[in-house]
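A short write-up of the structure that comes next.
The values are calculated or read from the model by the stated rules, or taken from the named source; none is laboratory data. Owing to the predicted nature of the structure, the values given are computational and were not obtained by experimental measurement. Cβ placement follows ideal geometry from the backbone for every residue including glycine, while neighbour counts extend to all protein chains displayed. Please note that ligands, DNA and RNA were not included when accessible areas were found on the heavy atoms of the full protein model with its side chains. Shrake-Rupley method; radii C 1.70, N 1.55, O 1.52, S 1.80 Å.
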Amino acid sequence: MNRSLLSIDNLAVHFETPDGPARAVDNISLNIHAGETLGLVGESGCGKSLTALSILRLLPAAARMSAGEITFKNDNLADFTDAGMRHIRGREIAMIFQEPMTSLNPVMPIGFQVAEPLITHQKLPKADAYSQAAEWLEYVRIPAAGKRLNDYPHQLSGGMRQRVMIAMAMVCRPLLLIADEPTTALDVTIQAQILALMRRLKETQQMALLLISHDLSIIAQMANRVAVMYAGQVVEISPVKQLFDRPLHPYTQGLLRSIPLPGTVEKRLFEISGTVPRLTDMIRGCKFSERCIQAQKRCYDEKPELLNIGDGRKVRCWLGQN
Ligand SMILES: Nc1ncnc2c1ncn2[C@@H]1O[C@H](COP(=O)(O)OP(=O)(O)OP(=O)(O)O)[C@@H](O)[C@H]1O
Ligand SMILES: [Mg+2]
C-alpha cells in the first residue's frame with residue numbers, strides 16, 4: 001500500500017487572459033499509492049478536473065502546463081511521446097470523464113466500444129475481445145449484456161451509460177483509474193449502485209483510484225486518503241478518518257459543516273460565506289484568508305506552505321500547524 005504509483009510534483013496549469021495568467025492549478029503535489037483510493041475534493045472550479053487531465057496529457061489546447069513533474073511507476077510522463085502516452089492511457093491509466101457522452105461514441109455500438117481497446121492495445125482476436133467485452137458488461141451489471149452488444153449509447157439509461165464507461169475503463173485492467181465525478185449526473189439510487197460497483201472493482205482488481213468529487217459524503221464512503229483543493233491548491237491531505245474526525249484547515253472545517261445530516265435527502269452545496277478569489281488575482285497571503293473566520297494578520301501577509309505535520313497529514317494553514 002505504501003509504494004507511490006503516481007506522484008505529481010509541483011504541477012501548475014494556467015490560461016492566458018487579458019487580466020494576466022489565470023492560475024487554475026497552482027503548484028499541486030500529490031501522490032497515489034498502488035491499490036489505494038485517493039479522494040480529491042473541493043468546490044466547483046478549484047482545479048480538480050484540470051489536475052486529472054494533466055496526468056493523461058489531455059488538457060484543453062489553451063491550457064499551459066508550466067511546471068511540474070508527473071511520475072508513474074518511476075517513469076516521468078513528460079518523457080513519453082504522444083504515441084507512448086496513448087499506450088499508457090487506457091492500458092495503465094484509465095479515466096472516466098465528468099461528461100459521460102463526451103467519451104461514448106454515439107454512432108458506435110457499445111460492444112465495439114468496450115472491445116476496441118482490447119483489439120488495438122492488446123491485439124486480441126475480435127471474437128475474444130467481444131466475449132471479454134460481454135463479460136465486463138455483465139460484471140458491471142448491464143442486464144442481458146450479451147444481447148446488448150449491438151445497442152447504441154442512446155438506447156441506454158444514464159446509469160447504464162455510466163456502467164458502460166466503467167467497463168470501457170476497466171477492460172484493460174488499469175493500475176490506476178481516474179474517475180471524475182462519476183456519479184454526479186445520476187439519481188441517488190443509481191449513484192449508490194455505481195459506487196458499490198467501483199468498490200467491488202477496487203477490491204477484486206487491485207487498482208488504485210483517484211476519485212474526484214465535490215461531494216464529501218461520497219469521499220467519506222470510498223477514500224483511504226483525501227486531498228482537499230481550494231483555488232488551485234491542495235490545502236489539506238489526510239487519511240480519511242482523521243480528516244473527518246478532526247479537519248485541520250478552516251476550509252475543510254467549513255466543507256464538513258455543509259454535509260447534510262444522515263437521513264436528509266437534500267444535498268446542500270457548500271455554504272462558506274464569501275467567494276473564491278479570481279484566478280488572476282495576485283494574493284499575498286493565504287488564498288482562503290478573505291473567507292476564513294479564523295484568519296489572523298499573518299494569514300493576509302504570508303503564504304502558508306503545505307506542511308507535513310505527521311501521521312500522514314499535511315496542511316496549508318498557519319493555524320493548523322500547531
Ligand atoms: N479553457 C479554459 N479557459 C480559461 N479558464 C479555464 C478553462 N478551462 C478551465 N478553466 C478554469 O480553470 C478552473 C479549474 O477548472 P476545473 O475544470 O479543473 O475545475 P473543477 O474543480 O473540475 O470544477 P467542477 O467541480 O465544476 O468540475 C476553473 O475556474 C475554470 O474556470
Ligand atoms: Mg471538474
Exercise. (1) open to solvent by 20 Å² or more (accessible area, probe 1.4 Å); (2) within 13 Å of ligand 2 (Cβ to nearest atom); (3) not aromatic (Phe, Trp, Tyr): which one isn't true of ARG23, the others all being true?
Worked result: (2)
Exercise. If you check ALA227, ALA144, which single one turns out to be within 16 Å of ligand 2 (Cβ to nearest atom) and either among the aliphatic types (A, V, I, L, M) or assigned by TED's automatic domain parsing to the domain that holds ILE119 (or both)?
Worked result: ALA227
Problem set entry | Any chance ILE212 is part of a strand (DSSP E or B), within 21 Å of GLU92 (Cα to Cα) and outside the structural domain of ARG161 (by TED's automatic domain parsing) | yes
Problem set entry | All positions within region 192-223 that are within 16 Å of ligand 1 (Cβ to nearest atom) and buried (at least 16 other Cβ atoms within 10 Å of the Cβ) | LEU210, LEU211, ILE212, SER213, HIS214, ASP215, LEU216, ILE218, ILE219
For this session: Six or more apart or on different chains, Cβ under 9 Å: which pairs go from a residue in region 54-72 that's of a type in the set (Asp, Glu) to one that's exposed (fewer than 14 other Cβ atoms within 10 Å of the Cβ) and not in a strand (DSSP E or B)? Could you list them?
Result: GLU69/ALA78
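Would you pick out the residues in region 1-20 that are open to solvent by less than 30 Å² (accessible area, probe 1.4 Å) and either within 16 Å of ligand 2 (Cβ to nearest atom) or without any contact (Cβ under 8 Å) to a residue 40 or more places away in the chain (or both)?
Hits for region 1-20 are LEU11, VAL13.
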Exercise. Quick one: is ALA24 in the same structural domain as SER213 (by TED's automatic domain parsing), within 16 Å of ligand 1 (Cβ to nearest atom) and more than 30 Å from GLY254 (Cβ to Cβ)?
Worked result: no
